[in-house]
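These notes concern the structure reproduced below.
The values are calculated or read from the model by the stated rules, or taken from the named source; none is laboratory data. All values reported here derive from a predicted model rather than from experimental measurement. All Cβ positions, glycine included, derive from the backbone under ideal geometry; neighbour counts span all protein chains shown. Ligands, DNA and RNA are stripped out before the accessible areas are found, and what is left, the full protein with its side chains, is counted by its heavy atoms. Shrake-Rupley method; radii C 1.70, N 1.55, O 1.52, S 1.80 Å.
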Amino acid sequence: MVKKKIQTKKKVQPKKKVQVKKKVEAKEKDKIKFIGQVTKIRQTEPRTVIEWPRSITHIHTYGMLSPFFKGLREGRLMATRCPNKNCSEKRLWIPPRGHCPDCHTEMLWETLPNPVIGKIYTFTQVVYAGIGIELSTPYWQVDVEIPGLATIPKSYLLYGEPSIGMKVKAEFRTKNPTNTVLDYYWVPLEK
Ligand SMILES: [Zn+2]
């Protein structure tokens, strides 16, 4: 048997609903606004993928090392020294330590007298900085020997070209401090 196609269906036109509601104009200040960053569409096929930049605020404490960063803001280079008379390490530490790495005694703070003059021990040019480095590239990263220190701290040369043994002077970003270790740097010692 052949089924007869039923073609008697009539299309029923939906009745137009008359909108009688009055448009209520919301005041501009009451409207919800999009305050985010518009995402970029990377692809739509086979599925939509967007680029959605995110940022975070990292809360970080300097803890026992806070005096070091306060010192930088005020134009002073501060170091720690172990007060334990029986400790084998009598010299100063920069970066500072809260406790002595050798005997674990709580360290004492000392301010290096200005001007702080050091000698370049070694250096390297940073051309491709890692994420989070907030210095323009290229810059010279310098390891500087400072008299009386047990350490050879790393920092950067603000201008000029470094050489091994070159004398440099510490300067401080006291005007607009970053409140990070970038607040001290070296400049060639002018004679
Ligand atoms: Zn010690």
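Whenever a residue of the stretch 125-145 is in contact (Cβ under 8 Å) with a residue 24 or more places away in the chain, its partners that are among the small types (G, A, S) and surrounded by 15 or more Cβ atoms within 10 Å (Cβ to Cβ), lying with C-beta atoms within less than 8 angstrom and at least six residues away or across chains, give the pairs V142/S155; V144/G118; V144/S155; E145/G118. Check whether at least one residue in the stretch 140-156 is of a type outside the set (G, A, S), under 15 Å from V181 (Cβ atoms) and within 16 Å of the ligand (Cβ to nearest atom), and report yes or no. Looking for residues that are of a type outside the set (G, A, S), under 15 Å from V181 (Cβ atoms) and within 16 Å of the ligand (Cβ to nearest atom), one finds at least one in the stretch 140-156, hence yes. A79 fulfils the conditions (1) of a type outside the set (D, E); (2) more than 16 Å from the ligand (Cβ to nearest atom); (3) modelled with pLDDT of 95 or more except for a single criterion, (2). Close Cβ contacts (under 7 Å, 6 or more residues apart or on different chains) running from residues in the stretch 41-57 that are without any contact (Cβ under 8 Å) to a residue 12 or more places away in the chain and farther than 30 Å from G132 by Cβ to residues that are open to solvent by 80 Å² or more (accessible area, probe 1.4 Å) and of a type outside the set (S, T, N, Q) comprise T48/I41.
Those residues that are assigned to a loop (DSSP other than H, G, I, E, B) and under 19 Å from the mean Cα position of the chain (by Cα), I need them from the stretch 147-168; list them, please. Across the stretch 147-168, the qualifying residue is only L158. Note on the stretch 100-117: residues that are within 16 Å of the ligand (Cβ to nearest atom), farther than 17 Å from F69 by Cβ and in a strand (DSSP E or B) total 2.
Only residues that are in contact (Cβ under 8 Å) with a residue 12 or more places away in the chain, assigned to a helix (DSSP H, G or I) and open to solvent by 40 Å² or more (accessible area, probe 1.4 Å) were counted in the stretch 64-90, giving 4. You will find that of P162, P95, P113, the residue that is open to solvent by 40 Å² or more (accessible area, probe 1.4 Å) and farther than 19 Å from T180 by Cα is P113 and no other.
Residue pairs whose Cβ atoms lie under 6 Å apart, separated by 6 or more positions or on different chains, with the first residue in the stretch 97-115 and basic (K, R) and the second at pLDDT 95 or above, are R97/T80; R97/M107. Once the stretch 169-191 is narrowed to residues that are closer than 16 Å to K70 by Cα and part of a loop (DSSP other than H, G, I, E, B), the residue that is most open to solvent (accessible area, probe 1.4 Å) is K175.
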